[in-house]
1. Checking the conditions here, which among Phe445, Phe430 is within 23 Å of Pro498 (Cα to Cα), in contact with a Ser or Thr (Cβ under 6 Å, 6 or more places away or on another chain), open to solvent by less than 20 Å² (accessible area, probe 1.4 Å) and part of a helix (DSSP H, G or I)?
2. Is there any pair with a first residue in region 406-422 that is under 18 Å from Thr361 (Cβ atoms) and among the acidic types (Asp, Glu) and a second that is open to solvent by 10 Å² or more (accessible area, probe 1.4 Å) and not in a helix (DSSP H, G or I) whose Cβ atoms are under 6 Å apart and which are 6 or more apart or on different chains, and what are they?
3. Consider Pro523 carefully, then state whether it is at pLDDT below 95 and either assigned to a loop (DSSP other than H, G, I, E, B) or open to solvent by 40 Å² or more (accessible area, probe 1.4 Å) (or both).
4. Within region 243-261, work out how many residues are open to solvent by less than 80 Å² (accessible area, probe 1.4 Å) and touching a Gly at 6+ places or on another chain (Cβ under 8 Å).
5. State whether one or more residues within region 378-390 are within 22 Å of Val264 (Cβ to Cβ) and assigned to a loop (DSSP other than H, G, I, E, B).
6. Taking interchain pairs and intrachain pairs at least six residues apart, which have beta carbon atoms under 6 angstrom, with the first residue in region 96-113 and on the phi > 0 side of the Ramachandran plot and the second not in a loop (DSSP other than H, G, I, E, B)?
7. If you go through region 348-366 one residue at a time, do you hit one that is open to solvent by 10 Å² or more (accessible area, probe 1.4 Å), under 24 Å from Pro498 (Cα atoms) and touching a residue at least 60 places away in the same chain (Cβ under 8 Å)?
8. Conditions: (1) in a loop (DSSP other than H, G, I, E, B); (2) at pLDDT 95 or above; (3) out of contact with any Gly (no Cβ under 8 Å at 6 or more places or on another chain); (4) not aliphatic (A, V, I, L, M). Gly97 meets all but one. Number of the miss?
Amino acid sequence: MPGASVVRSTLTAAVCVAGMVAGAAPGALAAPAAPSPGAQGLGDSLFPALGNGGYDALSYDFALAFGTESTSPVSGTVTMVATATQALSSFSLDYAGSGSGPVLVNGAPSTVASTGEKLVITPKRALPAGRAFVVSLTGFVTAPGLYDPDDPASTDFFAAPSGTVVAAQPNFAHYAFPVNDHPLDKALYTFRLTAPTSETAVANGALVGKSTRNGATTWTYLQRQPMAAELIQLAVGDYDVIERKPSAGVKLRDVVARPVRDRVEPAISEVGRQMKWVTNQLGAYPFDVYGSLVTDEPVGFALETQTLSMYGPDWFYDDEGDLPAPYWAPTMVHELAHQWFGDSVSPSDWADIWINEGHATWYEALFAQSEDDATPGYFDEYIGLASFDEMAEVIYNLGDRYRDRFGPVGTPASGAVEDVFSPNSYYGGFLVLYALRQEIGKVAFEKLERTYVSRYKGQTRSTADFVALASQIARRDLKPFMDAWLYSATTPPMPGQPDWQVLPVVPAAVARGVAAPDPLPVPTRR
């Protein structure tokens, strides 16, 4: 996300260049562009209408009041500070909810119109290019819904038995909150959550304030590093907050629905050991705090909401008893690795999802292999295969079938949840990384991994950026190699593994909507 000073410098340079028109006197400047509406969409390849142009959101302040029930309407104010990147006659926010109140821009009442999944705001006065402005939606109302396993959008802001949970990835944040809902426009966040004193309120980032008045407590959290809206987490209800001993210099705190705390505590207490392992792989953790949020709603997936990864209790136990560590521990490492890949360094287009999920799958499998080295059989219990390399070979065998059904790794077939979070985003992304390590060697690959997350910390980056950095570190152009692995309809030969074979595509077996003959579990972590 460009800072305000960068935007101003860029705009000043652009105005100077525009002024040197043919026939103009030396030093003359063209008239500033007339104010115009900001774009209602950022041109994402999978979600072209998502996000909004004409401004750079710098920060959001959510002041929200929660009721006595987890399904009670939530009211308050959402304030955004932004910089206009053009002269704006109007601009928009993503919002598909049902309740919003008056809108103020720089303190003045403004016109607001709801158009599809957009709130179009027309300020009283046009906003000059390069200037900061403040927009507040006062009297804003949203209501947590109930989780519906048949409706992915139902997880945007839902009411579990013990309290609220947010799972907005990839494009559902604006179903509950007015935001610029695309990772290209990350921002800082302050959350002021007011709830009955009997409730606990937790959000992304660090707790920086807590006060009680008239039977209600306001909890203030600050997310100091940029965050995409799809990673918001607001958990309010019957939760316990467990403060743990710091690990690798990181403050750790878990948030657990009270009815399941005793059952999941042995598993989630492993976070300190996992933090040490991942930081040894990738370097310093990019945020102020980390932990797990365990709800008592069996949602069937896990999610890397920034600084507070979300899980249902079904990751840790089922009707037959507690689940073994190879089931939940690699998944916890998967979500932790996402704090670097996906949260700190976010995708500039949702087709870049392979970077997020391929890396998270890579580190969960690498962790499982490290555990297997100490406890033989761990990897088999994790995924039903003997080793990390065997996993890569099996994914390679299935490569053409995945590409036929879901599209090439770097171009998912659609923005449908089943295509964005398909096995080809996870396992196919893993395989691209395996091929890259085979091609450039382990030392260069590990340097690439650590350099990527440190150089681009807090930014949004594309597949092209990843490939360019890989080429720089390998000291040769890797674009043709990576293009073949990311965008070809068929799976390229695996470097160093001439005996690996790709299974043929059998149309009747892999037609869309029919399960492929996969010996690997369908990914349910995100």
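The values are calculated or read from the model by the stated rules, or taken from the named source; none is laboratory data. Being a predicted model, the structure only gives us computed values, none of them experimental. Methodologically, a virtual Cβ is constructed for each residue, glycine included, from the backbone with ideal geometry; neighbour enumeration extends over all protein chains shown. Keep in mind that these areas ignore ligands, DNA and RNA; they rest on the heavy atoms of the full protein, side chains included. Shrake-Rupley method; radii C 1.70, N 1.55, O 1.52, S 1.80 Å.
1. Details: Phe445 fails: in contact with a Ser or Thr (Cβ under 6 Å, 6 or more places away or on another chain).
Matching residue, one of Phe445, Phe430: Phe430.
2. Asp419/Pro412; Asp419/Ala413
3. Working: at pLDDT below 95: yes; either assigned to a loop (DSSP other than H, G, I, E, B) or open to solvent by 40 Å² or more (accessible area, probe 1.4 Å) (or both): yes.
It is true that Pro523 is at pLDDT below 95 and either assigned to a loop (DSSP other than H, G, I, E, B) or open to solvent by 40 Å² or more (accessible area, probe 1.4 Å) (or both).
4. Result for region 243-261: 7.
5. no
6. Asn106/Phe133; Asn106/Val134
7. Yes - at least one qualifying residue is present in region 348-366.
8. (2)
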